[in-house]
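What follows draws every value from the coordinates through simple rules; no lab data is involved. Note that the coordinates shown come from a computational prediction; the quantities given were computed from them, not determined experimentally. Positions of Cβ are backbone-derived with ideal geometry, glycine not excepted, and every protein chain shown enters the neighbour counts.
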Amino acid sequence: MPITLFDQALPTGITLACRAAGPVHAPRRAVFLHGFPEAAFAWDDVLLALTAADPGLRCVAPNQRGYAGSSAPAEVSAYRAKHLVADIAALMDVEAGAGAPIDLLVAHDWGGGVAWNLAALLPQRVRQLVIINSPHPGAMLRELRTSAEQREASLYMNMLIQPDAAQRLAADDFAALFAKLDRLGSPAGNGWLTPAVRAQYRDVWSRGLDGALNWYRASPLRPPDPALGADDPALAAVVLPDSVVNVRVPTTVLWGMADQALRPGLIDNLDPWVPGVKIHRHPDASHWIVHEQPDWVIGHLRGLLPTRAATP
């Protein structure tokens, strides 16, 4: 069954451009959340592989708020976590039924920021959570405060929040964005960034970048002023309540250890926030692990899905 495209209007006032695979009335549901600077198309191979193996599964991947084809409010405040979580909870209502749980929530990069929060705030809505190279918010705050390595790796975020960031990233046929994909990739990558894939990225970025950049502008979790380091009062003032850091959903973390933006310290000591978390490390994969090691990722996801036969 091929990838299908549809626009889903939500009670939040947002419309999400979605990609899906699997029967509309399948008994099992999975939702996939992308990060920056990607979009829902990044999950296509995963969606197709999972639904081919399980005819009772429907997989949906939205372009999140601010991304190509989805609603992109101009106000930075519209990209605060509570709004992003509300979008995905509303999409889950459409897919699984009002208030009903989905079988699997899978998220990468900024998508993980939404997924961590949703699982903490609405644990009854998710049976299994899978996080792929996306830091738990408590761990990110800890590492920004205590790890010079992570502060250095995160400095790019300070450029992305600048008013002219979209113009700078779009210059010279998105040269800076393509450089980001190349720079954060692994030397052991499989040549995934083909001309055809580059064209998909170019199509997404050409529809506008400010909505996606507003995710960075709205977040309190960003590296401190380099001159101040851990003593930056803005970083010291960040407080994350237990309600957004304590996750009681069964959680699996898949992590590419060659990630240059998110350093391995981010997956240390997660148990106080996520009891029983299972962490699987790939030694050669980078931040783009979904593209570089698709079979490894898909294999782990298959292992988490229930093995019930499809409903006639």
Please determine, in degrees from 0 to 90 and to the nearest 10, the orientation of helix 294-304 with respect to the longest principal axis defined by the Cα atoms of the chain, where the helix direction is its Cα long axis.
-> 60
Percentage relative contact order, the stretch 96-221, counting C-alpha pairs under 8 Å, at least six apart = 21
Rounded to the nearest Å, what's the spacing between the alpha carbon centres of the stretch 1-37 and the stretch 62-85? Just the number, please.
-> 15
Packing-based order for 150-161, 126-137, using average beta carbon neighbours within 10 Å, highest first | 126-137, 150-161
Along Cα→Cβ, 7 Å out, is where each label goes; now give me the distance between the ones at Val24 and Ala52 in nm to one decimal.
-> 2.5
State, to one decimal in nm, how far the label point of Ala171 lies from the label point of Asp225, with both points 7 Å from Cα in the Cβ direction.
-> 2.6
Per-residue Cβ contact counts at 10 Å, fewest first, order Ile3, Ile14 as Ile3, Ile14
Cβ crowding within 10 Å averaged over residues, with 57-67, 20-30 ranked highest first | 57-67, 20-30
Taking Lys82, Lys278, Lys180 and counting other beta carbon atoms within 10 angstrom, the fewest-first order is Lys82, Lys278, Lys180
Give, in nm to one decimal, the length gained when the segment between Asp203 and Glu149 is fully stretched (0.36 nm per residue of separation minus the Cα-Cα distance).
-> 16.1 nm
Separation between Cα centres of the stretch 211-282 and the stretch 107-169, rounded to whole Å | 6
Per-residue ellipticity at 222 nm for the chain, helices alone: DSSP H runs ≥ 4 residues times -39500 (n - 2.57), over residue total, nearest 500 deg cm²/dmol?
-> -11000 deg cm²/dmol
Relative contact order [Cα under 8 Å, 6+ residues apart], the chain, whole percent = 20
Points 7 angstrom from Cα along the Cβ direction at Ala74 and Asp7: gap in nanometres?
-> 2.0
